[in-house]
Amino acid sequence: MIEPQSKNDPKLKNIIQVLLDWINDELANHRIIVKDIQEDMYDGQVLQKLVEQLANLKIEVPEVTQSEIVQKQKLKVVLEVVSHILNLPPHSTQRWNADNIHSKNLVSILHLLVALVRHFRPPVRLPEYVSVNVVVVQKQGGILHSWKVSEEITGANDDIGARFERDAFDTLFDHAPDKLSVVKKSLITFVNKHLNKVNLEVTDLDRQFQDGVYMCMLMGLLEGFFIPLYSYHITPVTEEQKIHNVALAFELMDNAGLPKPKARAEDIVRGDLKSTLRVLYNLFTRYKNIS
């Protein structure tokens, strides 16, 4: 239960409005207008259309559902698709589930929508440091006890919803996918020119930079320094280790005076090809003439 004062927080009202405007922009072609983030999202129908629009896929669920049981079943299917898209571990604990969404739990709905914004990075700007005070009630020894918990919805905005201006790679992916292989081939030639010096070779840009190892090694080769093996994970296993590696590579790029990458470490780790190409193209532009 949200504390009454929190409901009147200007930041909470702002983030709700930003999310409503975003959803309505995405679903404009479907002639869907969402006016209330709780009342219009709880049954899964709008959420289904939103996910289909964002991910360009079709979710096989009944279009119109009246009964509560069928609505929850539909929600579970849609949320499973969301978990797959977000690359969430199968049994990980999330801040939303079908029961919470169906019960119109505002905090759960906000966490879900912010997660979608984090992943798809639409051209919206979410307010920073939004939190909600939630009243938790629990019965102990026949007596009701209550206490307040502050639930963070957003933190600093440098990695949430901030999409950079469209660039050549947006145009390439949207309008000239046939030229993509030419760009990838040029970048593979560039990175292998340097990685071959330490007997490494890249054949698949989509995957071989995901764990950050080659990216760190490439920066060391381009800048002419050795990166101590203790500073990164040479055989990363967990997502956290991979993100650490990519973040280190980004730090090395920053130290070398390169422009800030138009990508997050998480984007590289999850295999977002466009983000990987942007980072490598930055390197190519700077170091293409060195031997």
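The values are calculated or read from the model by the stated rules, or taken from the named source; none is laboratory data. As the structure is a prediction and not an experimental result, all values here were calculated from the model. Note that we place each Cβ from the backbone using ideal geometry, even for glycine, and neighbour counts take in every protein chain shown. Heavy atoms of the whole protein, side chains included, go into the accessibility calculation; ligands, DNA and RNA do not. Shrake-Rupley method; radii C 1.70, N 1.55, O 1.52, S 1.80 Å.
A residue that is surrounded by fewer than 19 Cβ atoms within 10 Å (Cβ to Cβ) and without any contact (Cβ under 8 Å) to a residue 24 or more places away in the chain occurs nowhere in region 100-114.
N255 satisfies every condition listed in (1) surrounded by 12 or more Cβ atoms within 10 Å (Cβ to Cβ); (2) farther than 19 Å from F190 by Cβ except (1).
Looking across region 8-34, the residues that are closer than 14 Å to R125 by Cβ and open to solvent by less than 70 Å² (accessible area, probe 1.4 Å) come down to I15, V18, L19, W22. Based on this model, can you work out whether K242 counts as open to solvent by 50 Å² or more (accessible area, probe 1.4 Å), charged (D, E, K, R) and either in contact with a strand residue (DSSP E or B) (Cβ under 7 Å, 6 or more places away or on another chain) or closer than 24 Å to I290 by Cα (or both)? The answer is no for K242.
Consider E240 carefully, then state whether it is within 19 Å of the chain's Cα centre (by Cα) and modelled with pLDDT of 85 or more. Spelling it out, E240 is indeed within 19 Å of the chain's Cα centre (by Cα) and modelled with pLDDT of 85 or more.
Restricting attention to region 268-284, and to residues there that are free of Cβ contacts under 8 Å to residues at least 60 places away in the same chain and surrounded by 21 or more Cβ atoms within 10 Å (Cβ to Cβ), which single residue is farthest from L229 (Cα to Cα)? So that I can check it myself, show each step before the final result.
Step one: of region 268-284, the residues free of Cβ contacts under 8 Å to residues at least 60 places away in the same chain are 268-269, 272, 275, 282.
Still in the list and also surrounded by 21 or more Cβ atoms within 10 Å (Cβ to Cβ): 268-269, 275.
Working: I268: 21, V269: 20, S275: 25 Å.
Here the residue is S275.
Take Y214 and decide whether it is at pLDDT 95 or above and either surrounded by fewer than 19 Cβ atoms within 10 Å (Cβ to Cβ) or of a type outside the set (S, T, N, Q) (or both). So Y214 fits the description; yes. Screening region 48-77 for residues that are among the basic types (K, R) and in a helix (DSSP H, G or I) and picking the one that is farthest from the chain's Cα centre (by Cα) gives K72. If only residues of region 84-108 that are modelled with pLDDT of 90 or more and of a type in the set (S, T, Y) are counted, the one that is nearest to the chain's Cα centre (by Cα) is S108.
Applying the condition of being out of contact with any strand residue (DSSP E or B) (no Cβ under 8 Å at 6 or more places or on another chain), not in a strand (DSSP E or B) and not small (G, A, S) to region 130-157 and asking which residue is surrounded by the most Cβ atoms within 10 Å (Cβ to Cβ) yields T154. Residue count for region 232-261 under the criterion of being of a type in the set (G, A, S) and under 19 Å from Q210 (Cβ atoms): the result is 2.
Applying the condition of being open to solvent by 70 Å² or more (accessible area, probe 1.4 Å) and of a type in the set (K, R) to region 35-62 and asking which residue is farthest from I109 (Cα to Cα) yields K58. Right, L126: part of a loop (DSSP other than H, G, I, E, B), open to solvent by less than 50 Å² (accessible area, probe 1.4 Å) and either of a type in the set (D, E, K, R) or within 16 Å of I23 (Cβ to Cβ) (or both) or not? For L126, the condition - part of a loop (DSSP other than H, G, I, E, B), open to solvent by less than 50 Å² (accessible area, probe 1.4 Å) and either of a type in the set (D, E, K, R) or within 16 Å of I23 (Cβ to Cβ) (or both) - is met.
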